[in-house]
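Here is the structure we will look at.
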Amino acid sequence: MDWEPWLIGFLSKWTAGIAAESAGVNRVRYSPNIVLINVPCCGLISPIHVVDAFLQGADGVYIGGALPPANCHYKVGNFKAFKRFYLLKKLMKQFGIEPERIRLEWFVSPQYRKLAKTIDDFVDEIKKLGPITGGVEE
Amino acid sequence: MGKVIVDPVPWVTGYSRLTVETSDDNRVLSILFEPLEKRGLEKVLKGRSVELLPTITPSICGSDSWSHYIASIKALDIIYGRKPPLTAIHLREAGLLLDILESHLRYLALKFAPKYIGGDVKPLVEVINDVRVVKEIIGGRTRNPIYGIAGGVTRKPGSSDVEVIMDRLSRILDILEKTSKSYMDKISSSREYTAKLSNDKYRLKNTGFIALLDGDGKIGYYDGRPVILGPDGSRRMVDEGELIDHLVVSSRLGTCELYGGRNGEVYMVGAISRINLGKTYSEDAEEIIDKLVELSGGKPLINIFVEPIARLVESLDISYRLNKLFRDPSWLSGESISFEGKRTNAGLGVVESSRGLVIHKYGVSGDGLVDDVEILDPSGIRLPVLNKLLEKYRGSTYSSELLDDVLEIVKIMDLCIPGASKTLRLGGVRG
Amino acid sequence: MTRYAFLELTSCGDCLSELYMNPEINKLLEEGEIVYWPAYGIVGDPEEIGEVDVTFIAGTVRTRRDLEELEKFRRISRIVVAYGTCSIYGGLNGLTALLEPRAIADGEYVKLLMPTVKPVTDYIEPDILVPGCPPTREVMARLAKTLKKYISGGKPEKKIFLIPGEVLCKHCPRRPSNPEKAEMPGIRDPNEVVDDGRCFIEQGILCLGPVTANGCNHLCIRFNHPCMGCMGPARGVVDQGLNMIGSIGSILLKSREVKLLFPGLAKELDKLRDPMGYFYRYTLPKAMLTKLALRRRGVE
Ligand code: SF4
């Protein structure tokens, strides 16, 4: 099977974003299947962005924010994100779409090893789930 | 072999097809009535949060939407373990009665009168609009009401509302008294109609009747208990749960068996059943019934052409009853919701609708999601009755008059295919 | 004489009968002629009906015949009115959008069905759109007024949406005095709350007001019933459910999140057991996730 997943990652630039930078500086590799986007705060990522990413063909969406309670630059962005994506996952399940396609990870700034590891894990998991369009068995 | 296809079948709500198969010597081999509108709404009720059902199930059949709503709310009462206070009961009952009234009047004004009465139907259309105004005041929307809550209703009409209600209700009764008199005069002097009323062809054979009756033997639209009048004349009260088993015998293809009794008998529901089984509320209504008995040759009334007139009788009777209810609205001062009670995991709601019995039965899992649904819609219950009636044409020589006759019977049954297609998984009524 | 057609597609089957009963509409109809309405005995082959001035269409497209009829009537009609929420967003009937034909019918009847259920607006361009389940009397009157303008000819230059698109909360009688401060204290079953007259969301009841267009004058709200979203998304709302999730994320338990942390919040969110039912009661075919789910089935 020559299908390779592609994923999108939204990283809060104050924590997960810094982790990604540090990963580069420290030459820690992670899967090339993910495209990372820095955002000012994970509390600004809307469920619409995420579902839109799926509609554009993303097989998984990774969201990295600040570990609660005290690390969010905007104080509560991580809680907002948590509530939204926890709910979105429940909703996706009702539509028959695997909630595991969304992965939330929480960081204290430069945890670049954690970032790389969780991304690689996630890519592996998505490989098992198959493409977002379904039909991987055929 | 030949085939005559009527597609779509006129005078039926929703899409259906009628096929008459004829032999080489032009005799009717079979008549197939197929509801072709497939929706699957009942399938998406499973997995829903149970509190959402009352707002979804009215869509099963738009013209009996309040009946589905009230049945659904009654099922919620049981699931939440609550007993609604009298104020709520009366308001629910009033809404239900108004919806039945509107459905009857629409049928009479738009389907029945133009052909058999003639003349101006404007007064009836006006009454319908009055009914709709009162419905809005009581339940929020004319269709798909929103005033129900487990154990009560969310809003009581205020005193200015009550004035409007009373005003409209008395006008409704007024016009209906006149209309029913003039309709009965027309009908009893119409050769065509009286001939139909006494014609054996239109008699319901091997057919029983089911209706909800209250403790005094009166028609209990909102909270009566089901009583069956068997084809053999036996009369018995049945348990609602048993009724579902009794009616849903099989969902096999070829729906002869669906809803059929164990001995091949079928059961009619709706106005004709109710006036056969229960006492009415007004003497005027009783008078019309006596007249009907005279015209159609005895009780129980078993000629299908009685049905439209039974709906007229009920319209009058319901208006009478609604007027009585609001003449002394002191009951409105009570509480409208009772929150007391312990949750259970199953609920059942049974009410009447214009076309007859509506039954909702829900099972709920521990987390409040619906895991079992059984809904009976009267159009579904009526299909086998239609089937029995059409059976009689088998072997007759086919003619355009015969087809007209068949279509007329279909029209009288006033089927709602969106409702019938819910219970009818497939296929049609084979004649 | 103005020629009217009534086209009822898969639905609860009552919208157009109600419309007919409305006095203002009825008057228009009386001055014209109804040339097609099978439910009331007026049948005919659309090919032979000739030109129609106004076709009222209610319901959803579920059967192949629905689609055929819809396209035929669009072709022969000067003005098409999409009437009722089903025809615009799918309505309650749209809740069946994820059911495959095989789940609904058997045998030869499966072939009659489209792979999913969609509103009329997914296939044709109506000239006038009238949301509501059912549309209110006021909106019906507005429809009558609009139609009068075009009775003798012509058609609207661009689509007319008969309700204002502003969000329901804007003029809600229960609107919190300081919406910025509003907080949702949890997620509750409306049947379990003793209503204190405040904004439903402030009482923990899911009200779709923040994402729904006002075309009802707060009818449900005035009946002490939370908004169910029947008028469809308000202007600027992309997807009723996803936008609603956005709002809930902002205001649910916001003063207690530091204490509750993720596990505490999750526990509260788990009380919303059927988000699909709450968010998409009237618009499931239009949900972005429906599109995704159908695409996986090879439908879109
Ligand atoms: S959420 Fe509902 S109750 Fe609250 S302001 Fe909006 S529409 Fe009104």
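The values are calculated or read from the model by the stated rules, or taken from the named source; none is laboratory data. For clarity, every value in this text was computed on a predicted model and none was experimentally measured. Every residue, glycine as well, gets a Cβ built from its backbone with ideal geometry; the counts of neighbours run over all protein chains shown. Areas reflect the complete protein model, heavy atoms only, side chains present, ligands, DNA and RNA absent. Shrake-Rupley method; radii C 1.70, N 1.55, O 1.52, S 1.80 Å.
Residue B:166 satisfies every condition listed in (1) under 23 Å from the mean Cα position of the chain (by Cα); (2) assigned to a helix (DSSP H, G or I) except (1). Scanning region C:37-66 for residues that are of a type outside the set (Gly, Ala, Ser) and within 18 Å of residue C:18 (Cβ to Cβ) yields C:37, C:38, C:40, C:42, C:54, C:55, C:56, C:57, C:60. Cβ-Cβ contacts under 7 Å between residues 6 or more apart (or on different chains), taken from a first residue in region C:216-240 that is over 23 Å from residue B:157 (Cα atoms) and more than 7 Å from every other protein chain (Cβ to nearest Cβ) to a second residue that is open to solvent by 20 Å² or more (accessible area, probe 1.4 Å) and within 10 Å of the ligand (Cβ to nearest atom), are listed as C:234/C:167. Among the residues making up region C:70-106, those that are out of contact with any Phe, Trp or Tyr (no Cβ under 8 Å at 6 or more places or on another chain) and either under 17 Å from residue C:140 (Cβ atoms) or polar (S, T, N, Q) (or both) are C:77, C:82, C:84, C:86, C:87, C:88, C:93, C:96. Meeting the requirement of 2 or more residues that are touching a Lys or Arg at 6+ places or on another chain (Cβ under 8 Å) and within 14 Å of chain B (Cβ to nearest Cβ), the strands (runs of 3 or more DSSP E) wholly within region C:50-153 are C:60-63, C:113-119. Any idea which residue in region C:229-257 is farthest from residue C:202 (Cα to Cα), counting only those that are among the aliphatic types (A, V, I, L, M) and either away from the ligand (no atom under 15 Å from the Cβ) or open to solvent by 10 Å² or more (accessible area, probe 1.4 Å) (or both)? Checking each candidate, the answer is C:238.
So is residue C:270 outside the structural domain of residue C:84 (by TED's automatic domain parsing) and within 11 Å of the ligand (Cβ to nearest atom) or not? Answer is no for this residue.
Condition check for residue C:131 on (1) within 14 Å of the ligand (Cβ to nearest atom); (2) not assigned by TED's automatic domain parsing to the domain that holds residue C:233: one failure, at (1). With respect to the conditions (1) under 20 Å from the mean Cα position of the chain (by Cα); (2) on the phi > 0 side of the Ramachandran plot, residue C:210 lacks only one, and its number is (2).
Restricting region B:147-172 to residues that are farther than 30 Å from residue B:341 by Cα and among the small types (Gly, Ala, Ser) leaves a set whose member that is nearest to the other protein chains (Cβ to nearest Cβ) is B:160.
Whether any residue in region C:279-294 is within 8 Å of chain A (Cβ to nearest Cβ), open to solvent by less than 10 Å² (accessible area, probe 1.4 Å) and in contact with a strand residue (DSSP E or B) (Cβ under 7 Å, 6 or more places away or on another chain) is what I want to check. The answer is no, given that none of the residues of region C:279-294 is within 8 Å of chain A (Cβ to nearest Cβ), open to solvent by less than 10 Å² (accessible area, probe 1.4 Å) and in contact with a strand residue (DSSP E or B) (Cβ under 7 Å, 6 or more places away or on another chain). Just one of (1) within 27 Å of residue B:364 (Cα to Cα); (2) more than 7 Å from chain A (Cβ to nearest Cβ) fails for residue C:300. It is (1). Within region B:392-403, the set of residues being touching a residue at least 60 places away in the same chain (Cβ under 8 Å) and assigned to a helix (DSSP H, G or I) comprises B:402, B:403.
Looking across region A:68-80, just one residue is open to solvent by less than 20 Å² (accessible area, probe 1.4 Å) and within 7 Å of chain C (Cβ to nearest Cβ), and that is A:79.
Within this structure, residue B:144 fails the test of being farther than 26 Å from residue C:189 by Cα and within 13 Å of chain C (Cβ to nearest Cβ).
When only residues in region C:34-60 that are among the acidic types (Asp, Glu) and at pLDDT below 95 count, which is least open to solvent (accessible area, probe 1.4 Å)? Filtering first and then ranking leaves C:45.
Here's the yes/no breakdown for (1) open to solvent by less than 30 Å² (accessible area, probe 1.4 Å); (2) near the ligand (Cβ under 9 Å from one of its atoms); (3) assigned by TED's automatic domain parsing to the domain that holds residue C:284; (4) in a helix (DSSP H, G or I):
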residue	(1), (2), (3), (4)
C:177	no, no, yes, no
C:180	no, no, yes, yes
C:187	yes, no, yes, no
C:198	no, yes, yes, no
C:205	yes, yes, yes, no
C:210	no, yes, yes, yes
C:215	yes, no, yes, no
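Between A:120, A:124, the distinction of being within 20 Å of residue A:38 (Cβ to Cβ), among the acidic types (Asp, Glu) and surrounded by fewer than 18 Cβ atoms within 10 Å (Cβ to Cβ) belongs to A:120 only.
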